[in-house]
Amino acid sequence: VKPLPAGRAWLHHHPLALDAILATGVLVCMTLAAYADPKGYHGRIWAVPDPGTLSIVLIVLGAVCLVFRRRVPMAVLAATGTLSFVELISDGRRAPVAMSAVVALYTVASTTDRPTTWRAGLLTGAVLTAAAVIGGPWPWYAQENIGLFAWTGMAAAAGDAVRSRRAFVRAIRERAERAERTREEEARRRVAEERLRIARDLHDVVAHHIALVNVQAG
């Protein structure tokens, strides 16, 4: 088995550090998106208006929750979903706190079974989309609302695909290990049978010579 590089091996044995790095990246993305104005005169522009203290606090809390996403995935999904819900129904300029809920939903989908994944995905998507429709200034068919539902659905689907692939790879590995154990057991059985055959042949030869000695002695 080829050993992992030193950096990857350290991250493999310290998943909390890897999750902290991911949470930092999500925090940076949410912060940058909070200051981006998608409706500028020349398309998306970077603006200086403050998205609001509440939005900044929710962004930071959502990123902090992601540090523990693999330890308690359902609790992290509930926490990030609640933070996203609060952001969607609050007044003022929207901030992409729902990005943390999307990452948490992906984690749940990649670590649980399929029925749980789709229940969590449908519930998260329905609640956040309903909050966006009720608390937002756009109609229900606006691309912001549809995009939010689509992102949650894609997170659930991607996590489920990753979980299925891991299960498939694990099944192949277990099958290969089982076949290897079977070959080793078969080899040991054949060695034992060969030793038993040699012992029987030796016993027959010794018994024949002892009988011959007794006859000659008589």
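Kindly indicate whether any position in segment 186-201 is open to solvent by 100 Å² or more (accessible area, probe 1.4 Å) and assigned to a loop (DSSP other than H, G, I, E, B).
No, every residue in segment 186-201 fails to be open to solvent by 100 Å² or more (accessible area, probe 1.4 Å) and assigned to a loop (DSSP other than H, G, I, E, B).
So which residues in segment 83-103 are part of a helix (DSSP H, G or I), open to solvent by 60 Å² or more (accessible area, probe 1.4 Å) and under 17 Å from THR53 (Cα atoms), if there are any at all? Even if it seems obvious, please write down each step before you answer.
So in segment 83-103, the residues part of a helix (DSSP H, G or I) come out as 83-89, 98-103.
Those left that are additionally open to solvent by 60 Å² or more (accessible area, probe 1.4 Å): 85, 89, 99.
Listed by number, the residues that qualify are PHE85, ILE89.
Looking at this structure, is ALA79 open to solvent by 30 Å² or more (accessible area, probe 1.4 Å) and touching a Cys at 6+ places or on another chain (Cβ under 6 Å)?
Values: open to solvent by 30 Å² or more (accessible area, probe 1.4 Å): yes; touching a Cys at 6+ places or on another chain (Cβ under 6 Å): yes.
Judged against the criteria, ALA79 is a match.
In this structure, does THR107 turn out to be out of contact with any helix residue (DSSP H, G or I) (no Cβ under 7 Å at 6 or more places or on another chain), at pLDDT 90 or above, within 27 Å of VAL28 (Cβ to Cβ) and crowded, with 16+ Cβ neighbours inside 10 Å? Walk me through how you get there before you give the answer.
Details: out of contact with any helix residue (DSSP H, G or I) (no Cβ under 7 Å at 6 or more places or on another chain): no; at pLDDT 90 or above: yes; within 27 Å of VAL28 (Cβ to Cβ): yes; crowded, with 16+ Cβ neighbours inside 10 Å: yes.
Judged against the criteria, THR107 is not a match.
Among the residues of segment 110-153, which ones are open to solvent by less than 80 Å² (accessible area, probe 1.4 Å), closer than 21 Å to ARG69 by Cβ, touching a helix residue (DSSP H, G or I) at 6+ places or on another chain (Cβ under 9 Å) and of a type outside the set (A, V, I, L, M)?
The initial filter retains those residues of segment 110-153 that are open to solvent by less than 80 Å² (accessible area, probe 1.4 Å), namely 110-113, 115-117, 120-121, 124-133, 135-136, 138-139, 142, 144-145, 147-148, 150, 152-153.
Narrowing the set further to residues that are closer than 21 Å to ARG69 by Cβ leaves 110-113, 115-117, 120-121, 124-125, 127-128, 148, 152-153.
Checking the rest, the ones that are also touching a helix residue (DSSP H, G or I) at 6+ places or on another chain (Cβ under 9 Å) come to 110-113, 116-117, 120-121, 124-125, 127-128, 148, 152-153.
Hits for segment 110-153 are SER110, THR111, THR112, ASP113, THR116, THR117, GLY121, THR124, GLY125, THR152, GLY153.
Select from segment 134-147 the residues that are β-branched (Val, Ile, Thr) and under 30 Å from the mean Cα position of the chain (by Cα) and list them in ascending order.
The one that is β-branched (Val, Ile, Thr) and under 30 Å from the mean Cα position of the chain (by Cα): ILE146.
What pairs come up if the first residue lies in segment 77-92 and is farther than 16 Å from ILE134 by Cβ, the second is in a loop (DSSP other than H, G, I, E, B), and their beta carbons are under 7 Å apart, counting only those six or more places apart or on different chains?
LEU83/VAL97
Does at least one position in segment 154-165 carry a residue that is open to solvent by 80 Å² or more (accessible area, probe 1.4 Å), part of a helix (DSSP H, G or I), within 19 Å of THR82 (Cβ to Cβ) and not aliphatic (A, V, I, L, M)? First the steps, then the outcome.
Going through segment 154-165, the residues open to solvent by 80 Å² or more (accessible area, probe 1.4 Å) turn out to be 154, 165.
So of that shortlist, the ones also part of a helix (DSSP H, G or I) come out as 154, 165.
From what is left, the residues that are within 19 Å of THR82 (Cβ to Cβ) are none.
No.
Can you tell me which residues in segment 61-76 are touching a residue at least 24 places away in the same chain (Cβ under 8 Å), open to solvent by 70 Å² or more (accessible area, probe 1.4 Å) and in a helix (DSSP H, G or I)?
Correct list: VAL64, MET74.
The values are calculated or read from the model by the stated rules, or taken from the named source; none is laboratory data. Note that this is a predicted model, so its numbers are computed, not measured. Ideal geometry is used to build each Cβ from the backbone, glycine not excepted, and the neighbour counts take in all protein chains shown. Only protein heavy atoms, including side chains, enter the accessible area calculation; ligands, DNA and RNA are left aside. Shrake-Rupley method; radii C 1.70, N 1.55, O 1.52, S 1.80 Å.
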